[in-house]
Amino acid sequence: MNPLRLLPAFALCLALPAAADEARRAFVDEVVKTHGVERAKVEAMLGEARYRQSIIDAITRPAEARPWKAYRPIFLTDRRIADGRAFLAEHREALARVEAETGVPAALIVAILGVETSYGRITGSHRVIDALYTLGFHYPPRQSFFRSELAHLFALANEEGLDIPSLMGSYAGAMGWGQFMPSSYRAYAKDGDGDGRRDLFGSLPDVFASVANYFVAHGWEPGQPVAVRAQVAADAESFVAGTLEPKFEVAELSRKGYVPEGGIGHDKRATLVTLEGDAGPEHWIGFRNFYVITRYNRSPLYAMAVHQLAEAIAAGEGGRLAP
């Protein structure tokens with residue numbers, strides 16, 4: 001039973017604003033205690049935040065809710081592939097340097113930027129503070145996560161000297177060329193140009209180094225495969241991996257009737273990814289590096305789109321990523 005139902009109407013009207021005020025006070029206390037930001041700064045910045053219904057509307061209809069056959073055409077277009085090849089050619093030297101230092105392929109870094117922001121053209125039309133405030137205080141399903149990200153935003157602004165009201169990003173509060181959430185910005189952003197700042201809005205060397213560092217921090221394996229098609233035996237057993245983590249040996253998946261194309265070693269660990277393609281189910285063997293891409297965005301659709309875009313971009317350079 002909802003105890004608020006027992007309150008008279010006038011008491012309910014008083015109770016809800018009081019609860020909201022209490023939540024804000026608790027949030028401010030937590031930011032001050034955990035992140036060391038001055039109380040006056042937190043309260044002033046929180047006072048800049050505005051509720052936006054458009055943000056609530058957007059989060060309830062994410063692109064990742066579509067099947068693969070509808071999701072893939074959004075990102076694997078001739079225009080996006082051509083633009084990615086041109087971007088890679090334009091920034092070849094800087095990207096090659098990052099690839100040499102980290103082992104993260106240049107084409108993969110470019111593909112992330114292509115999927116996230118169309119190579120920096122579309123970095124978001126929502127104020128970051130409005131997005132995180134709206135979702136942190138008005139979206140119960142994930143309010144704890146977004147309230148934590150709002151706290152990280154205040155800490156990030158304090159550390160990097162960012163002007164919070166001017167920051168623009170996605171409806172979920174991701175920002176910059178690579179669409180980093182505030183906590184990821186704090187944890188993984190790198191100063192790639194050596195100017196003493198981590199600028200994911202205006203410094204491409206910082207952007208390249210930061211995207212690569214994100215993958216390195218989550219266990220990227222240089223030179224190793226990402227995903228390959230599975231040849232499905234006629235007598236293959238019905239199998240759902242239930243995880244994106246590479247918890248199965250390739251030999252085990254093969255015994256179940258899902259054999260990776262290309263002769264991938266049977267001692268490697270992988271998972272089975274099944275997507276709804278144009279011609280029916282598509283079965284893929286996803287390796288550790290596929291799982292790493294899903295740490296950027298938890299959707300297997302996202303990871304596959306990034307991987308295939310990177311493959312297409314690399315093919316234009318006369319090469320390709322590991323399979």
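The values are calculated or read from the model by the stated rules, or taken from the named source; none is laboratory data. The model shown is predicted, which means the values in this text are computed figures rather than measured ones. FYI the Cβ positions are ideal-geometry reconstructions off the backbone, even for glycines, and counts take in every protein chain you see. Heads up: the accessible areas ignore ligands, DNA and RNA and are worked out on the full protein's heavy atoms, side chains in. Shrake-Rupley method; radii C 1.70, N 1.55, O 1.52, S 1.80 Å.
Results, tabulated for the structure shown:
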| item | result |
| --- | --- |
| Residue list for the stretch 246-268, restricted to those being under 29 Å from R66 (Cβ atoms) and surrounded by fewer than 15 Cβ atoms within 10 Å (Cβ to Cβ) | K247, E261, G262 |
| Criterion (buried (at least 17 other Cβ atoms within 10 Å of the Cβ), on the phi > 0 side of the Ramachandran plot and either among the aromatic types (F, W, Y) or in contact with a Phe, Trp or Tyr (Cβ under 7 Å, 6 or more places away or on another chain) (or both)) met by exactly one of G120, G136 | G120 |
| P222 being open to solvent by 40 Å² or more (accessible area, probe 1.4 Å) and touching a residue at least 40 places away in the same chain (Cβ under 8 Å) | yes |
| Failed item in (1) more than 30 Å from D57 (Cβ to Cβ); (2) more than 19 Å from the chain's Cα centre (by Cα); (3) of a type outside the set (F, W, Y), with N213 passing the rest | (2) |
| Any hit, the stretch 59-76, residues being closer than 13 Å to I313 by Cα and surrounded by fewer than 22 Cβ atoms within 10 Å (Cβ to Cβ) | yes |
| Answer from A82, A107, A111 - the residue that is open to solvent by 50 Å² or more (accessible area, probe 1.4 Å), among the small types (G, A, S) and either part of a loop (DSSP other than H, G, I, E, B) or modelled with pLDDT of 95 or more (or both) | A82 |
| Answer from Q231, Q179 - the residue that is within 23 Å of A107 (Cβ to Cβ) and of a type in the set (S, T, N, Q) | Q179 |
| The stretch 274-294, subset among the polar types (S, T, N, Q) and crowded, with 18+ Cβ neighbours inside 10 Å, residue nearest to Y258 (Cα to Cα) | N289 |
| Of residues in the stretch 246-298 being in contact with a Lys or Arg (Cβ under 8 Å, 6 or more places away or on another chain) and part of a loop (DSSP other than H, G, I, E, B), the one farthest from W220 (Cα to Cα) | D278 |
| Subset of the stretch 185-212 [under 19 Å from I122 (Cβ atoms), hydroxyl-bearing (S, T, Y) and part of a helix (DSSP H, G or I)] | Y185, S210 |
| Condition check for K41: part of a helix (DSSP H, G or I) and loosely packed, with under 11 Cβ neighbours inside 10 Å | no |
| Selection from the stretch 123-133 of residues that are open to solvent by 10 Å² or more (accessible area, probe 1.4 Å) and more than 16 Å from the chain's Cα centre (by Cα) | S125, H126, R127, Y133 |
| Residues of the stretch 193-202 that turn out to be open to solvent by less than 10 Å² (accessible area, probe 1.4 Å) and more than 16 Å from the chain's Cα centre (by Cα), as a count | 0 |
